[in-house]
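Undergrad: Pasting a structure below so you can have a look.
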Amino acid sequence: MKTLKLERITQQGSLSAQIARQLEASIANGQIAVGDKLPTESELCDMFGVSRTAVREAIAHLRSSGLIETRRGIGTRVIQARQLEPSPARRISANTVEDILHVLELRLTLEPQAAALAAERHDEADARRLESAHAAFLEAMKQGRQARHEDYQFHHALIEATHNPFFLSFYEPLSQEAIPRARLVDNELNVETARRYLEMVAGEHQAILDAILARDPERADQAVRQHFSRARQTYTAYREKH
């Protein structure tokens, strides 16, 4: 296997984000070429000096970005050198973008902490609701739908799992409007990039679900924070281009 020029990870900031950035750079500059296999989990742990959890989160991020794929018995391979444009739409009105960014800003202050509480407090019924909501999201994707309702239900189940009624009473008035795609009309959608966008969301939901079910509040907080930060970056980038 070729020698990769990777740096040990510092303890400042998200470990998984640092790993993902270095691997993305290695893929973009051709150090890890399209078709190449990534080092194994154990090898990456040794290279970066981190735990398997941090490596798995970074790999999940690269997978949701469409850069890699993992196949049983084959391993994890690079399938493209750069991310596809992650925007779910070909055009969005200026007012819609501002509304989306305002809602995302609000949710970034609320849901990371809610996820941490859900990781600590969820019971078996909460776990079933979260798993069912995630499965419904994946099924809606398979059917070619935009999964707006299913997306909202996943986050609603997360809020429910805090067992704090005030979180729920604060969140419920947002309704499905909390989901950015709910503000987009169908003729604004770009089918291919919308599909890639939903795959990215599904990967982020999986990371959130895994952290909550593992009763890891810090990882749950970080997974939600990464989910909304990525969405905010997507719509901010769209606003700046238009």
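Undergrad: Among Glu111, Glu57, which is the only one that is touching a helix residue (DSSP H, G or I) at 6+ places or on another chain (Cβ under 6 Å), open to solvent by 30 Å² or more (accessible area, probe 1.4 Å) and at pLDDT 80 or above? Explain how you work it out, then say what you get.
TA: Working: Glu111 fails: open to solvent by 30 Å² or more (accessible area, probe 1.4 Å).
Of the residues listed, the single one that is touching a helix residue (DSSP H, G or I) at 6+ places or on another chain (Cβ under 6 Å), open to solvent by 30 Å² or more (accessible area, probe 1.4 Å) and at pLDDT 80 or above is Glu57.
Undergrad: On to the next question. If you take the residues of the stretch 60-73 that are in a loop (DSSP other than H, G, I, E, B) and at pLDDT below 80, which of them is farthest from the chain's Cα centre (by Cα)?
TA: Applying the first criterion (in a loop (DSSP other than H, G, I, E, B)) to the stretch 60-73 yields 65-67, 72-73.
After this cut, where a residue has to be at pLDDT below 80 as well, the list is 65-66, 72-73.
Details: Ser65: 9, Gly66: 12, Arg72: 22, Gly73: 25 Å.
Top of the filtered list is Gly73.
Undergrad: Here is a further query. Considering only residues that are more than 19 Å from Leu168 (Cα to Cα), part of a helix (DSSP H, G or I) and of a type in the set (A, V, I, L, M, F, W, C), which ones fall in the stretch 92-126?
TA: Within the stretch 92-126, Ala94, Val97, Ile100, Leu101 qualify.
Undergrad: Can I ask one more? Considering only the stretch 114-167, state which residues are open to solvent by 70 Å² or more (accessible area, probe 1.4 Å), within 17 Å of the chain's Cα centre (by Cα) and among the aromatic types (Phe, Trp, Tyr).
TA: Once the filter is applied, which keeps residues that are open to solvent by 70 Å² or more (accessible area, probe 1.4 Å), within 17 Å of the chain's Cα centre (by Cα) and among the aromatic types (Phe, Trp, Tyr), the stretch 114-167 yields nothing.
Undergrad: Could you list, in sequence order, all residues of the stretch 60-82 that are under 23 Å from Ala211 (Cβ atoms) and surrounded by fewer than 17 Cβ atoms within 10 Å (Cβ to Cβ)?
TA: Taking the stretch 60-82 as the starting set, the residues that turn out to be under 23 Å from Ala211 (Cβ atoms) are 60-70, 76.
If the condition is that a residue be under 23 Å from Ala211 (Cβ atoms) and surrounded by fewer than 17 Cβ atoms within 10 Å (Cβ to Cβ), then Glu69, Thr70 are the ones that fit.
Undergrad: Could you look through the stretch 24-49, keep only residues that are in contact with a helix residue (DSSP H, G or I) (Cβ under 6 Å, 6 or more places away or on another chain) and either assigned by the TED database to the domain that holds Leu209 or buried (at least 20 other Cβ atoms within 10 Å of the Cβ) (or both), and pick out the one that is farthest from Ala207 (Cα to Cα)? Break it down stepwise before answering.
TA: Filtering the stretch 24-49 for residues in contact with a helix residue (DSSP H, G or I) (Cβ under 6 Å, 6 or more places away or on another chain) gives 32, 41, 44-45, 48.
Narrowing further to those that are either assigned by the TED database to the domain that holds Leu209 or buried (at least 20 other Cβ atoms within 10 Å of the Cβ) (or both): 32, 44, 48.
On the way: Ile32: 24, Leu44: 19, Phe48: 21 Å.
Going through the qualifying residues, I end up with Ile32.
The values are calculated or read from the model by the stated rules, or taken from the named source; none is laboratory data. All figures in this text were calculated on a predicted structure; none of them were measured in a lab. Positions of Cβ are backbone-derived with ideal geometry, glycine not excepted, and every protein chain shown enters the neighbour counts. Side chains included, ligands, DNA and RNA excluded: accessible areas come from the protein's heavy atoms. Shrake-Rupley method; radii C 1.70, N 1.55, O 1.52, S 1.80 Å.
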